[in-house]
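First the structure, in the form of structure tokens, and then the observations on it.
Just so it is clear, none of the values below were taken in a lab; they were calculated from the coordinates. Source: prediction; values computed, not measured. Note: ideal-geometry Cβ built from the backbone for every residue, glycine included; neighbour counts use all protein chains shown.
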Amino acid sequence: MLTDLLAEIERQGDPAAVGLELFFDGNDDPASIGCNLDEHPGVGTFARVLRAVRDRPEVDDVLVGISEVMPDGEWPFSDTVHVLTAASAGDVAGWVAGLGPDDVAKAELNGRPAIALWWD
């Protein structure tokens with residue numbers, strides 16, 4: 001789990017963006033995503049909501065951007081999730097409202113249209 005995630009991050013280099021299963025399976029570290037939230041919904045809620053977004057017909061994929069690889073076996077940190085879709089930022093913001101992103105904006109990932117979710 002963590003070993004596989006770290007290997008994929010190393011394989012991709014910086015910046016890395018990994019699949020939901022790779023980031024969330026085995027992850028119980030609330031500091032890994034959304035750590036600025038006063039009421040963190042839990043890593044499991046992040047995983048469940050983002051998987052539901054990925055399952056929407058208008059979404060091609062959801063990838064977790066790796067912001068920092070932490071020392072001492074801690075889970076890597078992410079402040080950005082990329083929703084690969086042609087849907088509007090407003091639509092995506094509605095789908096993920098319970099996760100409390102600080103910003104939801106149109107973006108691009110590897111030349112593909114995306115919506116970036118960002119937590120400060």
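In percent, rounded to a whole number, the relative contact order of the chain is 23, using alpha-carbon pairs under 8 Å and six or more apart. Taking label points 7 Å from Cα along the Cα-to-Cβ direction, residue 28 and residue 86 give a separation of 4.3 nm.
Taking Cα atoms only, the orientation of helix 43-54 departs from the longest principal axis of the chain by about 40 degrees.
Principal-axis analysis of the Cα atoms of the chain puts helix 2-12 at an angle of about 70° to the longest axis. Every helix of 4 or more DSSP H residues in the chain counts as -39500 (n - 2.57), and over all residues that averages to -8000 deg cm²/dmol at 222 nm. Between residue 4 and residue 58, the FRET efficiency from the beta-carbon distance, with R0 = 35 Å, is close to 0.75. Expressed in units of 2.2 N^0.38 Å, where N is the residue count, the Cα radius of gyration of the range 20-88 is 1.13. A convex hull fitted to the Cα coordinates of the range 45-120 yields 93 cubic angstrom per residue.
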